[in-house]
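What follows is a short report on a single structure.
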Amino acid sequence: MSDPGTQQLSADMHPPTLALRPLSISDEGEVRLAQLELMTDGFNFLHGLGEEEPWPSYLDRLERIRTGAEVIEDWAPETFLVAEVAGQLVGRASVRHRLTPFLAQWGGHIGYAVRPAFRRRGYATEILRQALLVAREVGVQRVLVTCDDTNVGSARVIERCGGVLQNVVAAQHGTTPKRRYWFEHATG
């Protein structure tokens, strides 16, 4: 019997619907597992979750960050959402409501990630597509999305969704240079 999360789709099947939604109390175990999975890629699934931090406190902090009552240095208010398909957490998106100098250069308005077991199924494209709609809902008219210059897959996702490459900027503190893409809501 095959795992429904890894089965291939036949030509007449449609992929399950992906939905972005806020984190809930019941997501803790799965999200902490996703954090460990993405750390092996040098990427955070979550922002600033301490190993010992109680989950309800973290959810409260995310809400304070969303409303701007608490903001991480160099960051901005952001809406953090997980991507769910058929009851499985496949990835996440964070939509920053404005740019700080750091975000304008390296981070952008939207960050997204797909868990390793769910890659190469079109989920990143759908996560970004829906995150662009969320950006519009929070009032961002011109959206910046960045990715590492070496991340060919992410660059393709951004371009597939309509991002226009502005430039590649030098690395910060020895990291990989960043590709900077813009989305114009008026045309998208």
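Just so you know, all these numbers are worked out from the coordinates, no wet-lab data involved. These figures come from a predicted structure and were not determined experimentally. Here Cβ is always computed from backbone atoms with ideal geometry, including for glycine, and neighbour counts include all displayed protein chains.
Observations on the model:
- 222 nm mean residue ellipticity, helices alone, for the chain (DSSP H n ≥ 4; -39,500 (n - 2.57); rounded to 500): -8000 deg cm²/dmol
- For trypsin sites (Lys or Arg not before Pro), the sites in segment 96-169 that DSSP calls loop and that have at most 16 other Cβ atoms within 10 Å are R98, R119, R120.
- Label-to-label distance, nm, for residues given as E37 and E159 (7 Å Cα→Cβ offset): 2.7
- In plain terms, the residue of D60, D148 with the fewest other Cβ atoms within 10 Å comes first and the most crowded comes last, giving D60, D148.
- Between the alpha-carbon centres of segment 23-83 and segment 110-188 there is a gap of 19 Å.
- Residue exposure sequence - V145, V164 - by fewest surrounding Cβ within 10 Å: V164, V145
- Among H97, H109, H173, H185, the order by Cβ neighbours within 10 angstrom, fewest to most, reads H173, H185, H97, H109.
- Sites L59 and A170, calculated FRET efficiency, Cβ-Cβ separation with R0 45 Å, nearest 0.05: 0.80
- Efficiency of FRET between E73 and R136 - r from beta-carbon atoms, R0 35 angstrom, step 0.05: 0.85
- Built amide H within the under 5 Å cut-off of V90, gap 5+: A83, E84, V85
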